[in-house]
Amino acid sequence: MDKFLYFTDGDTIDAAADMACYPLSSFLGFTVDASDAVSVGMKFVSAVTGPGATTEIDTVSLVITSGKHKKVVESICKAINAATFDDNSGFIVVCDALASVFADADITGCAITHDS
C-alpha cells in the first residue's frame, strides 16, 4: 500500500491547482534554484496524462522561511518515514495552507503546477 502526500495552496478548493494528493511512489525528488532562498520544489510524475500532457511532471513549490531548505527537506523525509497505515492510513500532510497544517513550521505555503 502506498503513502500519499497532500497539499493545498490556501485558496478555497475550487480550481485545478488548489489541491493535490500524490502517491509517494510518484515522487521524483526535491529541487531548489540556487538563487532562491525561500522555496523548495517537489517533483512528481504528473497526474495529467494523455492529450495535452507535455512534460508529464507536476511541481509543488513550497514557500519556506529563508534559508531553511535542509531543515524543511529533513522534516518532510521524517514525516514520510514516520507515517504508518495503523495511525493515519499513510496520509501525510506536507502543506495544507487552507487549514494551516504543515510538515515543518518553516513551510508557509505552496503553489501547485500540474504537468510543468
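Every read-out reported here was derived from the displayed coordinates using simple, explicitly stated rules and does not represent laboratory data. In this text the structure is predicted, and so the values were computed from the model without any measurement. Neighbour counts are summed over all protein chains in view; Cβ atoms, including those assigned to glycine, are modelled from backbone coordinates with ideal geometry.
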message: If you scale each eigenvalue of the Cα gyration tensor by 5 and take the root, what three semi-axes come out for the chain, rounded to whole angstrom and sorted largest first?
response: 20, 18, 14
task: Tabulate in residue order the Karplus-calculated ³J(HN,Hα) for segment 24-32, using 6.51 cos²θ - 1.76 cosθ + 1.60 with θ = phi - 60°, rounded to whole Hz; enter x for Gly and Pro.
output: 4, 5, 9, 6, 9, x, 8, 9, 8
- request: Compute all pairwise cysteine Cβ distances in the chain, then list the cysteines with no distance under 4.7 Å to another cysteine.
  value: Cys21, Cys77
- request: Give me D for segment 8-76 in µm² s⁻¹, whole number, from Stokes-Einstein with Rh from the Kirkwood sum over alpha-carbon pairs, 37 °C and 0.692 mPa s.
  value: 245
task: Rank the residues Val72, Val45 as a footprinting-exposure proxy: fewest other Cβ atoms within 10 Å of their Cβ go first.
output: Val45, Val72
- request: Net charge near Ser66: determine it from the other residues with C-beta under 11 Å of the C-beta of Ser66, scoring Lys and Arg +1 and Asp and Glu -1.
  value: -1
task: Would you grab the residues whose amide H sits under 5 Å from the one on Val48? Only those 5+ places off in sequence or on another chain, please, with H modelled 1.01 Å from N.
output: Asp115
Nearby aspartates and glutamates by direct alpha-carbon distance to Lys3 (threshold 13 angstrom, same-chain neighbours under 8 apart not counted): Asp86, Asp87
field: 13 Å beta-carbon shell around Leu5, net charge (K/R +1, D/E -1)
entry: -1
